[in-house]
Number of protein chains: 2
Amino acid sequence: MAVEASTDGRIQRGNETRRAVLSRAMDVASVEGLGALSVGRLASDLGLSKSGVFAVFGSKAELQLATIRAAQATFRRAVVSPIEEREPGLRTLRILCDCWLAYSRDRVFAGGCFFFATAAEFDAQPGVIRDALAAADHAWRALLTGQLRAARARGELREESDLELVSFALYGLLETANAQALLHDDPGRYEVASRAIDRLLRAEAADPALLG
Amino acid sequence: MAVEASTDGRIQRGNETRRAVLSRAMDVASVEGLGALSVGRLASDLGLSKSGVFAVFGSKAELQLATIRAAQATFRRAVVSPIEEREPGLRTLRILCDCWLAYSRDRVFAGGCFFFATAAEFDAQPGVIRDALAAADHAWRALLTGQLRAARARGELREESDLELVSFALYGLLETANAQALLHDDPGRYEVASRAIDRLLRAEAADPALLG
């Protein structure tokens, strides 16, 4: 019994260390990049022992990959979960875009969109890190496209709407809001993006009244 | 006379070192970021003496700022100079966008758009580097907006066109082409961007025939 309790304690401490390190790692990576992550630096930032952090994350690549997975979970909670119970389609797509803008504006990650920062960092460096970021990007694009497909199936889009182009344009408006708001310290760019999204979706809607 | 010749020789060698270092620095920064630049690393990459490079670039920040200035000159040659003698307006704007896509696709910088990579790196790190990147970004946005203003003055745009939104959307389509083509190793994204730009400009044109 005592042995089990002690094992439980070790596991719990390991989980707490893991959570604390990943939380800090997500913020550091969003501001300075995944390249700035190291076991030593994070241990020092958090006042933990380097060996304790090493016991949880054995290598820099392991730490970087775990940080990407943790950031995906945070992204899903902030951006995707608010629409999960809604009927897919044009109105839900609009809400999804608003959640994305709020996620960047409210600095869910200290440096704005985690995936914008880290994909730009690794996009020209092939390897497991870029593969993980490409998979996350693919999942996000699939979510946008899925909402557009649902909108088409429900007859909410104009006949001539090209889902690939609309999805590409929405993605660009969101990323640009994040990029310009950060670079120029200008939250007004979220408002411009919101108006541009509204204009785009109304132009593609079979009936703009669908968007309220 | 001998002294002058020797001075000329030193200046020439300094200029050659400067050009070689900046050329390498632009490629390194576009792939790995401005944070990866150091006098020691560049000297070693190029087989130059560290002291020789130090004589030209005294500090890391000086090297980073000189690299940004050199990248702006390269960007102007690749993207802006092809339209400089053209009448500003909708057709010239379309050509400017094509030049931008070619600049990213042809890897004028090894890591794709230098300014996308480095702005994403520094956008959450206030200081002289971010200020220089913000100024470069501002100049690019002013160029896009200037073409749209000329198009409006020439009566090429629909009454209800909102120049700020069109400029923001174009910027997003270009950056997204670069980001996705690199991250997914997929040059097909330039084609999607080109079709999206065509669709956007035709939708805003008073007469779509203006775009050929």
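Summarising the amide proton neighbourhood of A:Asp186: residues at separation of 5 or more, or on other chains, whose placed amide H is nearer than 5 Å comprise an empty set.
Summarising the label geometry, the points placed 7 Å from Cα in the beta-carbon direction at A:Asn15 and A:Ala203 lie 5.0 nm from one another.
Summarise the partner chain shielding of B:193-201 as one whole number: the mean count of Cβ atoms from other chains within 10 Å of each residue's Cβ.
3
Net charge near A:Ser104: determine it from the other residues with C-beta under 12 Å of the C-beta of A:Ser104, scoring Lys and Arg +1 and Asp and Glu -1. Combined, the nearby Lys, Arg, Asp and Glu give -1. Against chain A, whose longest principal axis is taken from its Cα atoms, helix A:163-183 shows a tilt of about 60°.
Please compute the net charge surrounding B:Arg152, taking Lys and Arg as +1 and Asp and Glu as -1 over other residues with Cβ under 13 Å from its Cβ. Numbers along the way, then the final one.
Values: positive: B:Arg149, B:Arg154, B:Arg158; negative: B:Glu156, B:Glu159, B:Glu160, B:Asp162, B:Glu164, B:Glu204.
Once positives and negatives cancel, what remains is -3.
Estimated at the nearest 10 Å², the accessible area of B:Met26 is 20 Å² with a 1.4 Å probe. Considering only B:Ser30, B:Phe122, B:Phe75, the residue lying farthest towards the positive end of the dipole of segment B:1-125 is B:Ser30, judged by Cα position with unit charges set on Cβ. In sequence order, segment A:31-37 has phi-based couplings of 8, 10, x, 5, x, 7, 7 Hz under the Karplus curve 6.51 cos²θ - 1.76 cosθ + 1.60, θ = phi - 60°, and Gly or Pro positions carry x.
Measure nothing fancy, just the Cα-based angle from helix B:60-75's long axis to the longest principal axis of chain B, in degrees from 0 to 90, nearest 10. The angle comes out near 40 degrees. Amide H to amide H, with H built 1.01 Å from N, B:Gly111 comes under 5 Å of B:Ser30, B:Val31, counting only residues 5 or more places away or on other chains. Bridging of A:Lys60 to lysines at a Cα separation below 29 Å is possible for A:Lys50, B:Lys60, once same-chain residues fewer than 8 apart are set aside.
If I fit a long axis through the Cα atoms of helix A:188-204 and take the longest principal axis of the Cα atoms of chain A, what angle between them do I get, 0 to 90°, rounded to 10? Here the helix axis deviates by roughly 50 degrees. With θ taken as phi - 60° and the Karplus curve 6.51 cos²θ - 1.76 cosθ + 1.60 applied, the whole-hertz 3J(HN,Hα) list for segment B:91-102 is 5, 5, 4, 4, 5, 4, 5, 4, 4, 5, 4, 5 Hz, x standing for glycine and proline. Helix content alone sets the calculated 222 nm mean residue ellipticity of the protein assembly as shown: runs of n ≥ 4 DSSP H residues at -39500 (n - 2.57) each, divided across all residues, give -24000 deg cm²/dmol. Per residue of peptide B:162-171, the mean number of Cβ atoms on other chains within 10 Å of the residue Cβ is 5.
The accessible area of A:Asp8, taken with all protein chains in place and a 1.4 Å probe, comes to roughly 100 Å².
The phi torsions of segment A:6-18, fed into the Karplus equation with coefficients 6.51, -1.76 and 1.60 and a -60° offset, translate into couplings of 5, 4, 4, x, 5, 4, 5, 4, x, 5, 5, 4, 4 Hz, rounded to whole numbers, with Gly and Pro shown as x.
Give the peptides B:108-118, A:78-88, A:196-206 in descending order of average Cβ contacts within 10 Å, highest first. Display every interim value, and only then the final one.
Values: B:108-118: 23.7, A:78-88: 14.4, A:196-206: 19.4.
Highest-to-lowest ranking by the protection proxy: B:108-118, A:196-206, A:78-88.
Each peptide in A:27-38, A:55-66, B:43-54 receives the mean, over its residues, of other Cβ atoms within 10 Å, and ordering these scores from highest gives A:27-38, A:55-66, B:43-54.
The values are calculated or read from the model by the stated rules, or taken from the named source; none is laboratory data. Bear in mind the structure is a predicted one, so any value in this text is a computation, not a measurement. Cβ atoms come from the backbone with ideal geometry, glycine included; neighbour counts cover every protein chain shown. Just so you know, the surface numbers come from the protein's heavy atoms only, side chains and all, with ligands and any DNA or RNA stripped out. Shrake-Rupley method; radii C 1.70, N 1.55, O 1.52, S 1.80 Å.
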